[in-house]
Amino acid sequence: MHALVIGGGVAGPATAVALRAIGVEVTICEARPAEDKDVGLWVMVAPNGLAALEALDLKEAVLRESLTGAVGPSGFAPIRRVGLYRVLREAAVARGARIAHDRRLVAADTAPGGGVVARFSDGTALEGDLLVGCDGIHSRTRSVIDPAAPDTRYVPLLNLGGFTSGVDAPGEPAQLQFVRGRKGFFGYAASGRGEVWWFANLPWGAEPTRAELAEMDRTVLTERLLDTFAEAPPYVADLIRGTYTDLYALPTHDLPTVPTWWRGDMVILGDAAHATTPTSGQGSSMALEDAVVLAKCLRDLPRAQAPARYEQLRRERVEGIVALGARASAAKLNDALPDNSLDWVLDYRIDWAARV
Ligand SMILES: Cc1cc2nc3c(=O)[nH]c(=O)nc-3n(C[C@H](O)[C@H](O)[C@H](O)COP(=O)(O)OP(=O)(O)OC[C@H]3O[C@@H](n4cnc5c(N)ncnc54)[C@H](O)[C@@H]3O)c2cc1C
């Protein structure tokens, strides 16, 4: 079997590794170039996500790339998104997957003798037995599978953040810390050796366009942050001022219910199927879980039955987490701290050896 995996973010390379473990030939088709400097801020990989990585024998490699090289006291690991992508892609290649960059999926259809043909924006096409859409929140595969698929929902929060060094911020290394501001929410994780990664959420009524965001004056945004957190402990202002990277800014979206996850030999997973707001801290971890579960279904069932079983095993959980993320974001808008008692989310474990 040859699988075309669309997207080389979190879900894509993790799926590639999982499929290689069951003997599937894999080509990852990634829209962006190999040398890509613009891949976002940082994420917390949750205990359930780390467990999914462990099932794929990837946990240690990811932890080596994380802020402190180890999990924090609550079992989470902060990691730069660029580092997470790199580790997962390198593992996929080391285990026999191919990666084709500059391949943006634009269309796909059933091949005459079975399987699928994927078509790319550069005019090229590839054939495979299975197409796995891991192309993120604005997935093209989602609308190829179902032209009536819903679009994302804007959540009126702006995500800001950056990387700072040389500021003494309290807290155990790799532990997420929260600070509430005047109509704003600040979070960070410190290495204990002077490196601090931070984010902030500000209420943001109308959704900014991509062009508006690019044009937003970062000095003005920084002033707005400093004003929002003027009554917070002074290290918050030091973290904002001391940022050594560009100030990252992105609107918040989620995707509560996608009615159709698969059609024939095409299936979506990760953010393409169920995107949660960053407030849940679960997007990457859910994508990693999806990869493991889909591979188990393909291992244990005839191919035609695998997508439906994968959906059956995943839908209730991931939609529950998206709903939880939406509630947590609403709490932020109301100046409340999100509820972090999430045992049913964090304690979830997938037994790779057990049959589905
Ligand atoms: C500000 C912010 C903070 C976050 N914090 C956390 C956190 O703390 N913890 C957590 O678990 N999650 C967090 N998330 C969510 C997490 O980043 C996502 O859930 C996760 O990256 C989803 O993985 P994915 O592979 O589905 O999508 P992505 O990581 O977005 O990867 C999709 C890939 O597909 C490629 N692609 C897109 N379209 C095409 C196409 N047509 N053809 C080919 N390739 C294509 C893209 O270039 C990209 O490489 C955060 C998200 C944001 C925005």
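Using the average count of surrounding beta-carbon atoms within 10 Å as a protection proxy, the listed peptides 148-155, 128-135 rank, highest first, as 128-135, 148-155. In the full protein context, the chain carries 42 Å² of accessible surface per residue, based on a 1.4 Å probe and ignoring ligands, DNA and RNA.
Could you give the size of the charge dipole of the range 155-253 about its Cα centre, using +1 on the Cβ of each K and R and -1 on the Cβ of each D and E, expressed in debye and rounded to the nearest 20?
In debye, rounded to 20, the range 155-253 gives about 160.
At q = 0.10, 0.12, 0.20, 0.21 Å⁻¹, what log₁₀ I(q)/I(0) does the range 155-253 have when each alpha carbon counts as one equal point scatterer in the Debye sum? Log10 I(q)/I(0), no solvent term: -0.25, -0.36, -0.97, -1.06.
Ordering Gly162, Ile350, Gly113 by the projection of their Cα atoms onto the charge dipole of the chain, which places +1 on the Cβ of Lys and Arg and -1 on the Cβ of Asp and Glu, puts Gly113 at the extreme positive end. A simple spin-label model places pseudo-atoms 7 Å from Cα toward Cβ; at Thr124 and Asp109 they are separated by 2.2 nm. For the chain, a Gaussian network of Cα nodes joined below 10 Å ranks Asp300, Asp271, Asp254 by mean-square fluctuation, and the top entry is Asp300. Ser143 contributes an accessible area of around 40 Å² to the protein surface, as traced by a 1.4 Å probe with all chains present. In the chain, a dipole from Cβ-located charges (positive for Lys and Arg, negative for Asp and Glu) runs towards its positive end, and of Tyr248, Ile145, Pro33 it is Ile145 whose Cα lies farthest in that direction. Charge dipole (Cα centre; +1 on Lys/Arg Cβ, -1 on Asp/Glu Cβ; no other charges) of the chain amounts to roughly 420 debye.
Model label sites at Asp351 and Arg193, defined 7 Å from Cα along the beta-carbon direction, differ in position by 4.0 nm.
Considering every alpha-carbon pair of the range 18-77, the percent of pairs per 5 Å bin, from zero through the bin containing the longest distance, is 4, 14, 19, 17, 20, 18, 6, 1. Length available on full extension from Asp217 to Tyr244: 0.36 nm per residue minus the Cα-Cα distance, which gives 8.1 nm. Accessible-area rank, largest first, for Trp344, Trp198, Trp352: Trp344, Trp352, Trp198, with all protein chains present and a 1.4 angstrom probe.
Which order do the peptides 308-315, 23-30, 229-236 take when ranked by the mean count of other beta-carbon atoms within 10 Å per residue, highest first?
Working: 308-315: 17.4, 23-30: 21.4, 229-236: 15.2.
Going by the mean number of other Cβ atoms within 10 Å, highest first, we get 23-30, 308-315, 229-236.
Would you list, by chain and number, the lysines whose Cα falls below 17 Å from the Cα of Lys59, excluding same-chain residues fewer than 8 positions away? The qualifying lysines are none; the list is empty. Per residue, the Cα convex hull of the chain amounts to 128 Å³. When a 1.4 Å probe is rolled over the protein heavy atoms, the share of accessible surface on the range 155-253 that falls to carbon and sulfur comes to 52 percent.
The values are calculated or read from the model by the stated rules, or taken from the named source; none is laboratory data. Here the structure is a predicted model, which is why all the values come from computation and not from measurement. All Cβ positions, even for glycine, are placed from backbone atoms using ideal geometry, and neighbour counts span all protein chains on display. Note: areas computed on protein heavy atoms with side chains; ligands, DNA, RNA excluded. Shrake-Rupley method; radii C 1.70, N 1.55, O 1.52, S 1.80 Å.
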